[in-house]
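The values are calculated or read from the model by the stated rules, or taken from the named source; none is laboratory data. Being a predicted model, the structure only gives us computed values, none of them experimental. Every residue, glycine among them, receives a Cβ derived from its backbone with ideal geometry; neighbour counts consider all protein chains shown. To get the accessible areas, we keep the full protein, side chains included, count just its heavy atoms, and leave off ligands, DNA and RNA. Shrake-Rupley method; radii C 1.70, N 1.55, O 1.52, S 1.80 Å.
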Amino acid sequence: MTSVITGDIIGSRQQKSKHWVEDLKKILSPFGEMPSEWEVYRGDEFQIEIKNPEEALLSAILIKAHLRAIKLDARMSIGFGDKTHNAEKISESNGTAFINSGELFETLKKQKVTLALRAGETEFDEKLNLMLKLALTFMDNWLVQPAEFVAMAIENPTLSQEELGQKLGINQAAVSRRQKRAQFDLVMQLDRYFRTQIK
């Protein structure tokens with residue numbers, strides 16, 4: 001089983017500068033080799049294979065946090081399933097993970113949601129998508145500072161508030177405020193629950 005994130009940048013046509021494409025590539029590059037594991041295509045769409053499905057949700061949240069930190073956002077669908085065809089480019093690979101991700105992605109605009117997932121098991125999908133919708137009520141509104149904190153905290157899970165503060169150049173009290181504002185503890189609870197379910 002694998003997982004695939006399909007996404008596009010919201011309002012990319014309205015972006016004055018073009019350097020956000022470079023920013024997006026920088027955000028995606030830790031996810032592996034381009035274009036076999038991730039790819040940006042058609043200007044503002046991207047696709048990533050997250051080989052360990054348990055990491056898929058946190059990966060999508062991390063991408064969102066990085067984008068919110070540079071005043072952008074993305075619509076993303078996470079599909080779970082198998083990979084039956086391994087192409088040189090991820091956009092040409094195939095399998096149920098790709099189909100689930102692609103088909104769901106096409107419905108996001110209509111659903112007016114920026115993040116959803118599909119494993120093809122109705123009960124699992126319904127339950128987790130409802131939780132995601134609730135979480136998006138604040139994740140879609142992350143401002144730059146809370147979003148920077150979320151990205152930093154996800155990438156450095158072992159660091160204390162003190163140490164995160166040093167990296168962000170702020171004191172521990174400010175870290176604590178950003179953590180609260182971002183509802184970070186809830187985000188991590190959601191991720192833990194997701195991991196138990198996807199197993």
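What to note about this one:
- If you go through the range 77-103 and keep only what is among the aliphatic types (A, V, I, L, M) and not in a strand (DSSP E or B), you end up with 87, 90, 97, 99.
- Test for residue 106: is it under 15 Å from the mean Cα position of the chain (by Cα), over 19 Å from residue 192 (Cβ atoms) and part of a helix (DSSP H, G or I): no
- Selected residue (criterion: surrounded by the most Cβ atoms within 10 Å (Cβ to Cβ)) from residues of the range 38-65 that are within 22 Å of residue 156 (Cα to Cα) and among the basic types (Lys, Arg): 64
- Within the range 136-165, the only residue that satisfies the criterion of being in contact (Cβ under 8 Å) with a residue 40 or more places away in the chain and touching a strand residue (DSSP E or B) at 6+ places or on another chain (Cβ under 8 Å) is 139.
- On inspection, residue 109 does not qualify as open to solvent by 60 Å² or more (accessible area, probe 1.4 Å) and touching a residue at least 60 places away in the same chain (Cβ under 8 Å).
- The residue of the range 38-76 that is farthest from the chain's Cα centre (by Cα), among those that are of a type in the set (D, E, K, R), assigned to a loop (DSSP other than H, G, I, E, B) and closer than 25 Å to residue 134 by Cα, is 71.
- Number of positions in the range 3-37 that are open to solvent by 10 Å² or more (accessible area, probe 1.4 Å) and not in a helix (DSSP H, G or I): 13
- Cβ pairs under 9 Å, 6+ apart, first in the range 166-182 and under 9 Å from residue 149 (Cβ atoms) and polar (S, T, N, Q), second open to solvent by 80 Å² or more (accessible area, probe 1.4 Å) and in a helix (DSSP H, G or I): 179/185
- Residue list for the range 125-144, filter: of a type in the set (Val, Ile, Thr) and either touching a Lys or Arg at 6+ places or on another chain (Cβ under 7 Å) or part of a loop (DSSP other than H, G, I, E, B) (or both): 144
- Odd one out for residue 87 among (1) surrounded by fewer than 17 Cβ atoms within 10 Å (Cβ to Cβ); (2) among the hydrophobic types (A, V, I, L, M, F, W, C); (3) within 24 Å of residue 35 (Cα to Cα); (4) touching a helix residue (DSSP H, G or I) at 6+ places or on another chain (Cβ under 9 Å): (4)
- Which listed residue is out of contact with any His (no Cβ under 7 Å at 6 or more places or on another chain), over 22 Å from residue 107 (Cα atoms) and among the aliphatic types (A, V, I, L, M), from 60, 69: 69
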